[in-house]
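Peer 1: Sharing a structure below in structure tokens format, with a few things to ask.
The values are calculated or read from the model by the stated rules, or taken from the named source; none is laboratory data. Predicted model only: the values in this text are computed from it and were never measured. Methodologically, a virtual Cβ is constructed for each residue, glycine included, from the backbone with ideal geometry; neighbour enumeration extends over all protein chains shown. Only protein heavy atoms, including side chains, enter the accessible area calculation; ligands, DNA and RNA are left aside. Shrake-Rupley method; radii C 1.70, N 1.55, O 1.52, S 1.80 Å.
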Amino acid sequence: MTSGVRYHHHPTPVGDLLLTWSGGALTGLHFPTSEGDQGESPEGTPDPAPFDAVRRQLDEYFTGDRRRFTLPLAPRGTAFQMKVWAALREIPYGRAVSYGEVARRIGSPRAVRGVGGANGRNPIAIVIPCHRVIAADGSLGGYGGGVHRKRFLLGLEGWAPLDAPISGGPALR
């Protein structure tokens, strides 16, 4: 395979996701911008070949057979964003934490808004589970893919706001 960006649209229960791949890793997973829209195609080559494992793991996730993704990832962002995105990957399936908790876990307890900003700029939604971050009062807050998709993803994972308090997983190293 030649170098460069490859992309593919993959149908899922939350819409056709735009997947991007470069340098041997997943670089993007984006929601359609509106119902029936596949989103803009990036610069690059349409090519489903590099996405075999991505498609399989997404399909397993949506059928409830996968709880953690094991894909090579290459998100691009600032050092702070990378720290937040690493913390998001430590939130267990079916659990949710507050933005403040993520800030504490990365050692920046006053950076709650920064965590929110990094969450909103997450280039690899679902796989880097930004949907598992909620407001301190237990409400869902916002979501780049739409709150209806966030509610769907959390419901798929079995999280229910009235049944499960805000909680976290193991402490981050």
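A quick yes/no check of all residues on (1) farther than 18 Å from L71 by Cα; (2) open to solvent by 20 Å² or more (accessible area, probe 1.4 Å); (3) of a type in the set (F, W, Y); (4) modelled with pLDDT of 95 or more:
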site: P13; (1), (2), (3), (4): yes, yes, no, yes
site: G23; (1), (2), (3), (4): no, yes, no, yes
site: G28; (1), (2), (3), (4): no, no, no, yes
site: S34; (1), (2), (3), (4): yes, yes, no, no
site: E43; (1), (2), (3), (4): yes, yes, no, no
site: A49; (1), (2), (3), (4): no, yes, no, yes
site: A53; (1), (2), (3), (4): no, yes, no, yes
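Peer 1: Only one of these conditions is not met by K150: (1) in a loop (DSSP other than H, G, I, E, B); (2) in contact with a Leu (Cβ under 9 Å, 6 or more places away or on another chain); (3) modelled with pLDDT of 95 or more; (4) open to solvent by less than 50 Å² (accessible area, probe 1.4 Å). Which number is it?
Peer 2: Result: K150 fails condition (1) only.
Peer 1: Could you check, for the stretch 48-57, whether at least one of its residues is over 16 Å from the mean Cα position of the chain (by Cα) and at positive phi?
Peer 2: No, the conditions are met nowhere in the stretch 48-57.
Peer 1: With the structure loaded, tell me whether Y93 is at pLDDT 95 or above, farther than 24 Å from Q57 by Cα and either surrounded by fewer than 21 Cβ atoms within 10 Å (Cβ to Cβ) or not β-branched (V, I, T) (or both) or whether it fails that test. Break it down stepwise before answering.
Peer 2: On the way: at pLDDT 95 or above: yes; farther than 24 Å from Q57 by Cα: no; either surrounded by fewer than 21 Cβ atoms within 10 Å (Cβ to Cβ) or not β-branched (V, I, T) (or both): yes.
In short, no.
Peer 1: Just for the stretch 105-126: of the residues that are part of a loop (DSSP other than H, G, I, E, B) and not aliphatic (A, V, I, L, M), which one is farthest from T63 (Cα to Cα)?
Peer 2: First, pick out the residues of the stretch 105-126 that are part of a loop (DSSP other than H, G, I, E, B): 106-111, 121-123, 125-126.
This time we only want the ones that are not aliphatic (A, V, I, L, M), so: 107-110, 121-123.
Values: G107: 35, S108: 36, P109: 36, R110: 38, R121: 27, N122: 23, P123: 23 Å.
Result: R110.
Peer 1: Could you grab me the full set of residues in the stretch 56-90 that are polar (S, T, N, Q), over 13 Å from N119 (Cα atoms) and open to solvent by less than 60 Å² (accessible area, probe 1.4 Å)?
Peer 2: Q57 - this is the single residue of the stretch 56-90 that is polar (S, T, N, Q), over 13 Å from N119 (Cα atoms) and open to solvent by less than 60 Å² (accessible area, probe 1.4 Å).
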